[in-house]
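K.L.:
Got a structure here, written out as structure tokens. Questions coming.
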Amino acid sequence: MPLHLLVVYLVADHAFVNSYKLKDLERLNFWKHFIWAALVFLAFTFDSLLTSSLGILLFSFAIAGELGILYMRKSLPDDLIEIIAVGYFLILSFLSRNYFKDSYITPQFCWYLLGMLLVTVGVTYFFRKGIVTKEEKDSVGISERLALYIFTFAGLFEWLAIVTLAGFLYRLFFSKTSKWEWVLSPIFGIGISIVWLFVMKGVF
């Protein structure tokens, strides 16, 4: 099933921002982020949802959902917000599934992007609960896991060892992150990538 709207939400609220900070946005930055999110939704869906009145309605529900989630972040716990958001955009993805079968972002590539988001910013979301601070960017860990994901899907398993070693050496000399992050980042990076590879082989 195409999961475009779920992927768009994750890109908008997680891929380029620290989701834990969204609840503290001041008014101007709040609306800047919302406009950014709306443009991301548009970029992923313009060739599919904007071709019919029902598609435009579903697009409107997606934008309204994003705005509502941004407002709810100010009063509800982070984990509850993510459960609500994922559930909401899963439902919208199901309702709009027929529109995305011929999208320029193919369903298979959408699943590939979903796995990439899970292994990068998804892991960081949980790392910020104690492995790294909530203010930390975790750019090293995200870049490391992204490389591990790409090489896993490419079948270049010798590069997994090279990337892991390079990540360790970089942290040893330049990074001051938690030692737990040094160990867990490549483990989750490789583990989730392999699991997702089998998921995609089973789904498609």
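The values are calculated or read from the model by the stated rules, or taken from the named source; none is laboratory data. Predicted, not measured: the structure shown is a model, and the values here were computed from it. Every residue, glycine among them, receives a Cβ derived from its backbone with ideal geometry; neighbour counts consider all protein chains shown. Heavy atoms of the whole protein, side chains included, go into the accessibility calculation; ligands, DNA and RNA do not. Shrake-Rupley method; radii C 1.70, N 1.55, O 1.52, S 1.80 Å.
K.L.:
Given the criteria assigned by the TED database to the domain that holds Leu50, in contact with a helix residue (DSSP H, G or I) (Cβ under 7 Å, 6 or more places away or on another chain) and either open to solvent by less than 50 Å² (accessible area, probe 1.4 Å) or not in a helix (DSSP H, G or I) (or both), does Leu148 qualify?
P.N.:
On the way: assigned by the TED database to the domain that holds Leu50: no; in contact with a helix residue (DSSP H, G or I) (Cβ under 7 Å, 6 or more places away or on another chain): yes; either open to solvent by less than 50 Å² (accessible area, probe 1.4 Å) or not in a helix (DSSP H, G or I) (or both): yes.
Answer is no for this residue.
K.L.:
For the subset of segment 86-111 comprising residues that are buried (at least 20 other Cβ atoms within 10 Å of the Cβ) and under 14 Å from the mean Cα position of the chain (by Cα), which member is nearest to Ser52 (Cα to Cα)?
P.N.:
Phe89
K.L.:
Moving on to the next point. Looking for something within 23 Å of Asp138 (Cα to Cα), open to solvent by 80 Å² or more (accessible area, probe 1.4 Å) and not assigned by the TED database to the domain that holds Met116 - is there at least one such residue anywhere in segment 35-51? Don't jump to the end; show me each part of the working.
P.N.:
Just the residues of segment 35-51 that are within 23 Å of Asp138 (Cα to Cα), to begin with: 36-37, 40.
Okay, now just the ones that are also open to solvent by 80 Å² or more (accessible area, probe 1.4 Å), so 36.
Still in the list and also not assigned by the TED database to the domain that holds Met116: 36.
Among the residues of segment 35-51, at least one is within 23 Å of Asp138 (Cα to Cα), open to solvent by 80 Å² or more (accessible area, probe 1.4 Å) and not assigned by the TED database to the domain that holds Met116, which makes the answer yes.
K.L.:
Name, by its number, the condition in (1) more than 28 Å from Phe127 (Cα to Cα); (2) of a type outside the set (A, V, I, L, M, F, W, C); (3) touching a helix residue (DSSP H, G or I) at 6+ places or on another chain (Cβ under 9 Å); (4) open to solvent by 30 Å² or more (accessible area, probe 1.4 Å) that does not hold for Lys23.
P.N.:
Every listed condition holds for Lys23 apart from (1).
K.L.:
Could I ask something else about it? Tell me which residues, restricted to segment 158-204, are among the β-branched types (Val, Ile, Thr), at pLDDT below 85 and either touching a strand residue (DSSP E or B) at 6+ places or on another chain (Cβ under 7 Å) or crowded, with 16+ Cβ neighbours inside 10 Å (or both).
P.N.:
Thr177, the sole residue that qualifies.
K.L.:
Could you list, in sequence order, all residues of segment 114-138 that are open to solvent by 20 Å² or more (accessible area, probe 1.4 Å), hydrophobic (A, V, I, L, M, F, W, C) and in a loop (DSSP other than H, G, I, E, B)?
P.N.:
Across segment 114-138, the qualifying residue is only Ile131.
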